[in-house]
1. Here is a list: L144, L131. Which entry is in contact with a helix residue (DSSP H, G or I) (Cβ under 7 Å, 6 or more places away or on another chain), under 20 Å from L161 (Cα atoms) and free of Cβ contacts under 8 Å to residues at least 60 places away in the same chain?
2. Identify the residue in segment 256-278 that is within 15 Å of the chain's Cα centre (by Cα) and buried (at least 23 other Cβ atoms within 10 Å of the Cβ) and, among all such residues, is farthest from T168 (Cα to Cα).
3. Looking at I292, I322, can you tell me which residue is at pLDDT 95 or above and in a loop (DSSP other than H, G, I, E, B)?
4. Which condition from (1) under 20 Å from the mean Cα position of the chain (by Cα); (2) near the ligand (Cβ under 9 Å from one of its atoms); (3) surrounded by fewer than 16 Cβ atoms within 10 Å (Cβ to Cβ) is the one that C157 breaks?
5. Could you please let me know if G88 is out of contact with any strand residue (DSSP E or B) (no Cβ under 6 Å at 6 or more places or on another chain) and near the ligand (Cβ under 9 Å from one of its atoms)?
6. Restrict the check to segment 211-231 and report whether at least one residue is in contact (Cβ under 8 Å) with a residue 40 or more places away in the chain, open to solvent by less than 40 Å² (accessible area, probe 1.4 Å) and not in a helix (DSSP H, G or I).
7. Please tell me if D253 is buried (at least 23 other Cβ atoms within 10 Å of the Cβ) and acidic (D, E).
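The values are calculated or read from the model by the stated rules, or taken from the named source; none is laboratory data. Small disclaimer: the values here were computed from a predicted structure and weren't measured. Neighbour counts are summed over all protein chains in view; Cβ atoms, including those assigned to glycine, are modelled from backbone coordinates with ideal geometry. Just so you know, the surface numbers come from the protein's heavy atoms only, side chains and all, with ligands and any DNA or RNA stripped out. Shrake-Rupley method; radii C 1.70, N 1.55, O 1.52, S 1.80 Å.
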Amino acid sequence: MCSRPSAEIAIAADNGPALGYAAGMPDSTDARLAAQYEAYPYPKRDPRDEARRLVIGSPSHLREIEFWVFGARRATSQPLRALVAGGGTGDGTIMLATHMARVGRAGDVTYLDRSTAAMAIARGRAEARSLANIAWEARSILDLPGSGLGPFDYIDCCGVLHHLPDPTEGLAALLSVLAPGGGLGLMVYAPHGRTGVYMLQDALRRLAPPDLPPAQRLDIARRVMKHLPDSAWLRTNRNFSDHLDGGDAGLYDLLLNPRDRPYDVPALYALLEGAGLSVTCLMEPMRYDPAIYLPDPKLRALAAGLGPVGRAALAESLTANISTHVAYCVRTADAWAPPDAMAPDAVPVAREMPAEELARNIRADGVLPFVFDGLRVPVALPPLAVPILKLIDGVRTVGGIAAALAERGTPAPVFAKAWGETWAKLSALNRILLAPPP
Ligand SMILES: C[S@@+](CC[C@H](N)C(=O)[O-])C[C@H]1O[C@@H](n2cnc3c(N)ncnc32)[C@H](O)[C@@H]1O
């Protein structure tokens with residue numbers, strides 16, 4: 001979504017606050033950004049498509065929020081008050097509101113964006129689905145403090161902070177309406193996986209300066225794309241496709257955006273830590289573990305000594321295919337701890353693909369083939385993973401699964417070892433999570 005995990009791209013002009021910008025001052029680059037999303041609401045969506053599919057992704061999948069923000073400890077009987085800040089044409093809002101409606105979850109989703117054109121499309125999508133659990137706010141994120149909105153238990157801000165004149169100010173505005181114990185799901189652009197984008201942005205600033213009318217800039221960008229030299233890095237970059245299949249909105253957002261500032265892992269952590277936030281997970285956690293790319297024991301040992309941020313940074317630099325970072329985070333003072341997946345009353349649940357279907361994808365040699373943006377990673381699972389997955393239905397507890405397998409002759413310690421290994425791998429792939437209590 002944002003076609004979150006995969007197709008959310010934009011462009012660079014400024015790598016930081018605009019020259020002369022100060023909080024509260026008008027900023028001409030920001031005015032151009034506002035005009036862009038009014039003319040080309042992003043991403044390109046048609047409310048009629050709601051009849052045939054739900055766009056899903058990260059952040060803001062309900063199961064992810066329950067696990068990665070609330071540690072599967074927050075009862076589902078508690079209402080969930082969510083804010084989608086910079087909601088665009090509605091992907092996050094529609095997904096979360098639909099998930100909540102499906103399970104009858106109390107609470108609501110507040111969509112906020114300053115683009116009235118984007119909001120009109122998002123509203124059309126909500127109407128197409130007869131969703132009655134969304135509130136609509138046409139205003140700036142920067143106006144949140146003192147707005148009377150909130151507090152919110154969960155805030156989505158996907159593909160927005162990196163466009164703001166001052167992302168730190170934007171984050172502070174979001175935190176001003178975050179309820180105690182709440183958390184955020186963020187997405188920001190990542191530099192290495194967007195190789196080629198910033199070069200083309202630079203070329204287009206020369207051919208189609210930001211002060212030209214948007215339609216003229218778009219025309220020039222289309223002509224450039226027709227004659228893109230074979231050597232251009234954008235040609236070989238397969239991590240996103242907005243410029244190929246995202247329509248005018250996708251091309252403009254990728255190559256003509258007046259401001260986007262990518263964050264590598266250390267820069268993202270610095271931004272979040274500066275705001276008093278701790279990351280509970282980067283999505284998917286496994287792809288940020290360099291050990292999966294480094295079979296050499298010496299390299300693994302060196303990587304292990306780097307600390308969590310260093311290891312994630314190493315994975316990002318090594319693979320070079322991460323074009324966006326999706327991070328769930330909570331206030332550092334709230335100290336998120338992973339729930340105990342070995343507890344007999346824990347309830348494993350498949351995030352999206354039914355666990356039984358996941359089991360069918362495991363090869364005879366016990367390997368689950370997984371692809372991270374074109375990079376194949378063989379995930380080795382124990383032989384018991386298949387029968388365990390077949391028993392995961394979002395209701396049965398770990399104790400219940402152990403008992404069912406004991407009846408078929410699996411001793412408790414054998415189950416515990418196999419479940420521990422299966423859980424470690426499949427939760428790190430964000431495929432199997434734990435369900436919250438009722
Ligand atoms: C790249 S789009 C992302 C849309 C959506 N979050 C998604 O992931 O599909 C960025 C959105 O942020 C909105 N935006 C940018 N600056 C904003 C601000 N200061 N206040 C509110 N919305 C803003 C734009 O209007 C646009 O709809």
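1. On inspection, the qualifying residue turns out to be L144.
2. In this case the residue turns out to be V265.
3. I322
4. (3)
5. So G88 fits the description; yes.
6. No: zero hits.
7. yes
Yes or no, residue by residue, for (1) surrounded by fewer than 23 Cβ atoms within 10 Å (Cβ to Cβ); (2) modelled with pLDDT of 95 or more; (3) in a loop (DSSP other than H, G, I, E, B):
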{"site": "W68", "(1), (2), (3)": "no, yes, no"}
{"site": "G88", "(1), (2), (3)": "no, yes, yes"}
{"site": "T98", "(1), (2), (3)": "yes, yes, no"}
{"site": "I121", "(1), (2), (3)": "yes, yes, no"}
{"site": "S147", "(1), (2), (3)": "yes, yes, yes"}
{"site": "D153", "(1), (2), (3)": "yes, yes, no"}
